[in-house]
Structure formats: C-alpha cells, structure tokens
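Chemist: Would you mind keeping the following structure in view while I ask a few things?
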Amino acid sequence: MRDAERINSLSDLSLGSDCQIVSLELSGLLRRRILDLGIVPGTLIRCIRRGPSGDPTAYMVRGTLIALRSEDAAQIFVRKLSNGEECV
Amino acid sequence: MCAMSPSRVLSEVYGQAECVRNSYLKSFSDQIVADIYGNAEQITKHVLSKKESQRISFDLTIDNLVTSKWFGYPLMILLLVGVFWLTIEGANFPSELLATVLFAFQDQLTLWFQWAGAPNWVHGVLVLGVYRTLAWVIAVMLPPMAIFFPLFTLLEDSGYLPRIAFNLDHIFKRAKACGKQSLTMCMGFGCNAAGVTSCRIIDSPRERLIAILTNNFVPCNGRFPTLIAITSIFIGGAIASYSGLINALVISTIILLGVAVTLSVSWILSMTILKGEPSSLVLELPSYRRPKIGAVIYRSMLDRTLFVLRRSIIVAAPAGAVIWILANVYIGDQNILSAVAHILNPFGQLIGLDGFILMAFILGLPANEIVLPILIMSYLSTGSLQDYSSLEELRNVLVSNGWTWLTAINVMLFSLLHWPCATTLLTTYKETGSKKWVFLSFLIPTLIGFTACFIFTQVVQFFGLV
C-alpha cells in the first residue's frame, strides 16, 4: 500500500503496470488533445508496449491504445496501483 | 499618486490575473472534463455489455510481432517488397493484353478515318496523337494501379498503417519532424496531391509544412509505372529468372532512397528555414479489423483507381495532341520537338539524360503519368510507331536512342527527385496559402534531382563504367 501513494510520471512506468492519472502538467493544444482522448485525472491507464527503439510508448486507456512520446508522457503524473486494486 | 505609470500597473495586474486564471482554469476544466467522462462511463456501464478479452489478446499478439524490436523493421520492408512484387508480376500480363487490344483498335480507327475521307492532319492529331497517348497511359498505368490500390487499401483497412508511424516515430523525431509524416508518405504512394492534403493530420504547423514540402519524395502512382517499366527493361530483364522479384527489390530500394531523402530534407529544413524542436505525438493505434473485401474493392477501384485514371486521361488527351503537332510542324528541316530537345540536350547530357528525356519531364508537369508516353512518342516522332506490344520493343526503341543502364538509373533517380506535378503544386498552394512554400516545394526536389543525377553521372563516367 505504501507503493500506491507514490506519484510518478507516466514515462517512468514499467511495461504492464497499471496506474491512475493524478494531474496533467501539459499546456496548449497537446493538453486539449490528451483531455479529448479521455486521459483525465482519475483515469486508469496501463503501459502496454514500447516502440522498437524504446520510444514512443503505447498506453491502454479506456480500451483504446494510444502512443505518446516520452517527453510528453513525462508531464503526466500518475499514482501507481498495487495489483488488484480497481477504482472509478 | 503611485510612482509607476498607470499602464504598467495595469499590465502587471493583468498578467497576475491571467496567471491565477490559468492555474485555476486548468484544474477547473480538468474537473469538468473528468466529470463528463465519469458520467459517460456510468452510462456506458448501464447500457453496454462487451466481451473484450479475446479481441485485445489477438491485437496484442499481432502487435508483439509487428512492432517488435527485431521483426518490426524487416516486416515493414518485407511488406513493401511484397506489395510491389505482386503489383509488378500481376500487372505484366494485363498490361501487354491491354496494349495489344488498344493498339489493334488504333488500326481500326485509322481505317475508319480513311473511309470517312478525313484529312491527314485530323487523323494525325486525333488518332496518332490523342488516341495513341491515351492507349499508352491506360496500358501502362491501369494494371499496376488496379493491383496496387486494393493491396494498399487492404493494409489501410486492417489497421496496420498506424503501426508504421509507431515504429518510425523516433526516426522522424530525430529529424525533428512528426511520426505521422510516415502516414502522409503512405498516402503519397497513391497520389502526392492526396499526400499533401493528408498532412492536415499533423498538428504542429511547422511539422505539417515539412511533411508537405517533402511529400514529393515518395513516388506516386503516376511515377511508379514508369519506374517499373524501366526497371523491367534494364535491370530485371538483364537477369532473366526471378526478374519480378528483382524488379520489386529495385523499386523498393528506390523508395527507401526516397525515404532517406525525405528524412534528410526534413532535418535540414528543421535546422534552417523551419527551425524548431519536435513537438508532441498523440497517435491512436486502432485495433485490427478484418477488411471488408467488398468495401476495399469498391473504394480502391472507384475512389482511387478510376479517379486517378480519369485525371491522367484528362491531362494525357490534350498532351497527346500537342505532342503530335510539335512533332509534325517543321521549322526548316527539323520538327519543333526535335529542335527543343536539341536545345535541352547539352544540359540533359550533363546529368546523364538527353534532351528528349528532359523535355518529356517538363511536358509531364501536368501529370507524371504521361512522361514515358511522351518520351516514346518523341523518340518515334517520325509519326510511324510500330504497335507497341511488349517491353522488348520498348527496349529496342530506348537502346536505339542511346540508352544505357546509366541513362535508365538516371531517369529513375530523376523521376523520384524532380518537381511535383501541377496538381500537387496546386494542392500545396491550397494547403499552405502561400506562393513561397509552393515555390520551395518545386525548388527543393528539382535541385536535389539535378544534383543527384549530375554527381552520379560524373562519377560513373569518371571511372569509365559505361
């Protein structure tokens, strides 16, 4: 449970781990795009795969696979969920 | 009174207000969006039931292969070669059949014109000019298009294309461009004008301009029948067996060269006139679908094949008439066509082409499809073209006009790297709204084409390889 309280950036997630969005520190058009895709505080997100060279990374959000570059993902903050925890 | 001028105070207050408003609004708007999504989620939970696990695991399995470290890139290249191999092999027979039928009909037309007592020049312009060029364009263009477009639409429909963007994004990022540019390049295979329009999917204006300016380095459907014909004659034909596969490899190499040029030019543009850092990428990777065969055939045939064919026919018909007139109006003892080619010749020779080839490329500005037909027409400008029915005859025509493998490679290089067609230029103007970018989109490929052919020719001639 201690682990669950730690705030990470989305880009630091390891493959296969689940987490919940805490805040978006993006601005401008990108912020709107991200919000439009349903990546909002509280959303569950899972890190699925990385591109052949390690970037971009694909995340599963609300049943959709979305790829983000690590620079952008670094500005999205998340709370790691321990196994089996489900909310919202 | 305060020492500060009122305007300064006001601007400071305004700045602070803006600051507060932004920080407040951000979290506030986040809250609103989160609530909307929360509501939507509640509703979907009530009304939708889905069985998901199987589909998602199927997607994951394919993605594991398609975007893997080791197989991702080889698979992309394999697909590229495969698509062109199928196109070349498949187009071979129908192309010859079409040519035989269409040129046989030309003889029939000639008989009818003679029977009607039409003057010679009417027969010349309409049959030897317009009809023959049309027959050429259709015989050379239609079969490859009718195979390539459905194959491409299949790939598009299956959901594979976004994976290409996913795999290639980091390379484009290094060129300070956007990974989605690879999607616009894919559209460019069909038609560069469509490719330029598709650049709208790129959010950042700077990266969109880069994608527009470099789209022409992908050979479009108007150009690769030319590439295929020339490879088949001079490279695949030289190595008898497996020639289809070798042709496909050559074409793929040319395309990879185009990709390399695209990346370099993107990078150079990012360092110079379109300075900037790569912005963001948000790319959706849709789940794979089984393509609907009927829809694929309908879309690729009606929307693409027939659309492109119609456009090239509209351009080719008047071009055919003009060519015939130029070839049959004499100044002194030389027809206009030869006279112009004669003037262009020294320049053409310098870059390993000749005057006729350069002229064909210039006259092909309205549509790249007609470059090869124009070239053949001009070589045979005496007016009596034997029926074209096989690549072998085409080879004889070209070789007797001094073509070597060096000429063939230069023509392919120049076809890949030269000015965009008029439609693409027009579309670029529509998309950018500025003559400056249109001019640049003309200038950049042209300069690169001349330089590449010049260097290649001079090097080969220096070492005496031809």
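The values are calculated or read from the model by the stated rules, or taken from the named source; none is laboratory data. In this text, all values refer to a predicted model and were calculated from it rather than measured experimentally. Positions of Cβ are generated from backbone atoms using ideal geometry, with glycine treated the same way; all protein chains shown enter the neighbour counts.
Chemist: Could you look through the range B:48-71, keep only residues that are farther than 20 Å from A:ASP55 by Cα and not in a helix (DSSP H, G or I), and pick out the one that is modelled with the lowest pLDDT?
Modeler: For the range B:48-71, the residue satisfying everything is B:GLU52.
Chemist: Still on this model: Look at B:THR100 and say whether it is more than 19 Å from the chain's Cα centre (by Cα), surrounded by fewer than 17 Cβ atoms within 10 Å (Cβ to Cβ), modelled with pLDDT under 90 and of a type in the set (Ser, Thr, Tyr).
Modeler: Considered against the rule, which asks whether it is more than 19 Å from the chain's Cα centre (by Cα), surrounded by fewer than 17 Cβ atoms within 10 Å (Cβ to Cβ), modelled with pLDDT under 90 and of a type in the set (Ser, Thr, Tyr), B:THR100 comes out as yes.
Chemist: Quick check on the range A:6-19: of everything there that is out of contact with any Phe, Trp or Tyr (no Cβ under 9 Å at 6 or more places or on another chain) and surrounded by 18 or more Cβ atoms within 10 Å (Cβ to Cβ), which residue is nearest to B:ASP30 (Cα to Cα)?
Modeler: Selected residue: A:CYS19.
Chemist: Here's something else I'd like to know. Hey, could you check the range B:275-308 for residues that are among the β-branched types (Val, Ile, Thr) and closer than 27 Å to B:LEU168 by Cα and say which is nearest to the other protein chains (Cβ to nearest Cβ)?
Modeler: Looking at the filtered set, the residue picked out is B:VAL282.
Chemist: While we're here: Run down B:ILE325, B:ILE313 and say which single residue is in contact with a helix residue (DSSP H, G or I) (Cβ under 7 Å, 6 or more places away or on another chain), aliphatic (A, V, I, L, M) and closer than 19 Å to B:PHE149 by Cβ.
Modeler: Just one listed residue meets the conditions, B:ILE313.
Chemist: When you scan the range B:292-302, do you find a residue that is under 17 Å from B:MET145 (Cα atoms) and touching a Gly at 6+ places or on another chain (Cβ under 8 Å), even just one?
Modeler: The answer is no; no qualifying residue exists.
Chemist: Take the conditions crowded, with 22+ Cβ neighbours inside 10 Å and either within 14 Å of chain A (Cβ to nearest Cβ) or under 10 Å from the mean Cα position of the chain (by Cα) (or both) and apply them to B:GLY195. Does it pass?
Modeler: yes
Chemist: Among the residues of the range A:58-88 satisfying the criterion of being part of a loop (DSSP other than H, G, I, E, B) and at the interface with chain B (Cβ under 9 Å from one of its Cβ atoms), which is modelled with the lowest pLDDT?
Modeler: A:VAL88
Chemist: Scan the range A:49-57 and tell me whether some residue there is within 11 Å of chain B (Cβ to nearest Cβ), outside any strand (DSSP E or B), in contact with a helix residue (DSSP H, G or I) (Cβ under 7 Å, 6 or more places away or on another chain) and modelled with pLDDT of 90 or more.
Modeler: yes
Chemist: Any idea how many residues of the range A:33-46 are part of a strand (DSSP E or B) and either at the interface with another protein chain (Cβ under 7 Å from one of its Cβ atoms) or out of contact with any Phe, Trp or Tyr (no Cβ under 6 Å at 6 or more places or on another chain) (or both)?
Modeler: Within the range A:33-46, residues that are part of a strand (DSSP E or B) and either at the interface with another protein chain (Cβ under 7 Å from one of its Cβ atoms) or out of contact with any Phe, Trp or Tyr (no Cβ under 6 Å at 6 or more places or on another chain) (or both) number 2.
Chemist: Assigned to a loop (DSSP other than H, G, I, E, B) and of a type outside the set (Phe, Trp, Tyr): is that true of B:CYS178 in this structure?
Modeler: The answer is yes for B:CYS178.
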